[in-house]
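Some notes on the structure that comes next.
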Amino acid sequence: MQLKQNSTTFTNDSSQADENSTFVVSKQNEKYLDDAKNNGCKDFINSSELKNYFDFSKIKIIGITGTNGKTTTAAAIYSLLLDLGYKVALQGTRGFFINDERVEEYSLTTPIQLGNFSHIQNAINHDCEYFVMEVSSHAIEQNRIEGLDFALKIHTNITQDHLDYHHTIEEYIDVKNSFFNDDSVKLINKDDPLVKFKMKNAFAYGAENPATYKVTAYSLKNGIHVALQHFSNIVNFSSQMVGYFNVYNLTASVAAVNLVTKEPLQKICDKVENFAGVSGRVEVICSNPLVVVDFAHTPDGMEKVFTSFSNHDIICVFGAGGDRDRSKRPLMGKIAEKFAKRIIITSDNPRFEDPDLICEDILKGCKKNTNIIVEINRKKAIEESLQIAKQYANPVVLILGKGDEEFQIIYDQKFPLSDKEIVQELLSK
């Protein structure tokens, strides 16, 4: 990638490095240093020096990390700030947005260092006062966020994920927690037993334990309704969203905006109802039958969705991504069997793995197979789930794993596939 700032062109790609550019050396590309030199490059800086060439003092960077909830929390903060009249940029899994306009489509959750710098500079050029970004565990470990000074760091939760990369749950937890080891202002989920953080400049939110922003009461009937206490101040917010986990996501968002803007808490809460949620995150596609699409692809994420519909007869369609953490697959099967009346195990993004073997891994967590169907073809699996729903008085079809993705990855190719569009097509017949 190349990034031009004033008269200097920075690159982290040795094949693009030449006599007219500066090669930014990181632990990812240092082995290609000789290649850059052979291409004629004479100017080199360490990745830690890149920040010296940019002035980000005019913008406040808000970073959100956690296993689940990053995308919804980031989007809610972005929405609240826009509704309060601020100019804001949002970077994350769903793409890059500036002032309510999508500038780039889907990308990495957190880009490489030059990508982050490019987006922040673009936001500054559009007079943005805030830059909201999702921060993945990969980005923390690979130092992609190097050189960024965060006005606020937010923790959602830590559960099992990405063990294909981090190898052990302990390593994954340590990487996530390392984000909160400095003196930055922090907003921590006080109800997460796995979080560790430096106490300096730390604030907390939660529903079960004492916190700076404490949920004192809530209702999940006809949406979400929350009473929130901040010291002696008690405020209220409501949302059309569903799920206990979204009580946390919305509380974190309200608290974050309060911390960075100092706007009155109730004024912020009054804007919550304008946020309808994120496409592909507990998204209701149809109400009769009730069909919900969600991105949940971890045991914890699935359980949170299941418990949100515990008063329904759950028919669940899900799979697991190929070339990713295999250890979570039987755990996903176990969770599905615990909550669902009927289960259809199907293909997710198999990549270079055999979809049948992925399904076998999931089945290892299931004790009985009488309520389970294996259908590799995802469209057929969804069609089967809609037929099964007719057998129940109060059904909900939960289609999990891909959210609003518009493709399926087989080997290294992307093929068009949208759970939402499949449902709409099938129901229109």
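All of the numbers you see were taken from the coordinates with simple rules; none came from a lab. Values in this document were obtained by computation on a predicted structure and should not be read as measured data. Quick reminder, even Gly has a Cβ in these numbers, built from the backbone with ideal geometry, and neighbours come from all protein chains shown.
Tabulated data
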read-out	value
Listed residue (His138, Asn12, Phe275) projecting farthest to the positive dipole end of the chain, Cβ model	Phe275
Segment 41-147 - charge dipole about Cα centre, Lys and Arg +1 at Cβ, Asp and Glu -1, debye rounded to 20	120 debye
Chain lengthening between Lys380 and Ser327 when straightened (0.36 nm per residue, less Cα-Cα)	16.4 nm
Taking the chain and dividing mean pair separation by its residue count, relative contact order in percent (alpha carbons under 8 Å, at least six apart)	11 percent
Amide proton proximity set for Lys42, modelled H, under 5 Å, gap of 5+	Ser21
Listed peptides 52-62, 171-181 by packing density, highest first (mean Cβ within 10 Å)	171-181, 52-62
Residues of type lysines that Lys31 reaches as a straight line, Cα spacing below 25 Å, ignoring anything fewer than 8 places off in the same chain	Lys4, Lys42, Lys51
For segment 283-428: relative contact order, % (alpha-carbon pairs under 8 angstrom, 6 or more apart)	32 percent
Among Ile158, Ile345, Ile376, residue whose mean-square fluctuation peaks in a GNM of the chain (springs only between Cα atoms under 10 Å)	Ile376
Value of [θ]222 nm, deg cm²/dmol, for the chain, DSSP H segments ≥ 4, -39500 (n - 2.57) each, nearest 500	-8500 deg cm²/dmol
Check: segment 283-428 dipole with +1 on Lys, Arg Cβ and -1 on Asp, Glu Cβ, in debye	580 debye
Local electrostatic count at Arg351 - Lys and Arg +1, Asp and Glu -1, tallied over other residues with Cβ under 10 Å	-3
Dipole magnitude of the chain about its Cα centre (Cβ charges: Lys, Arg +1; Asp, Glu -1), debye to nearest 20	1260 debye
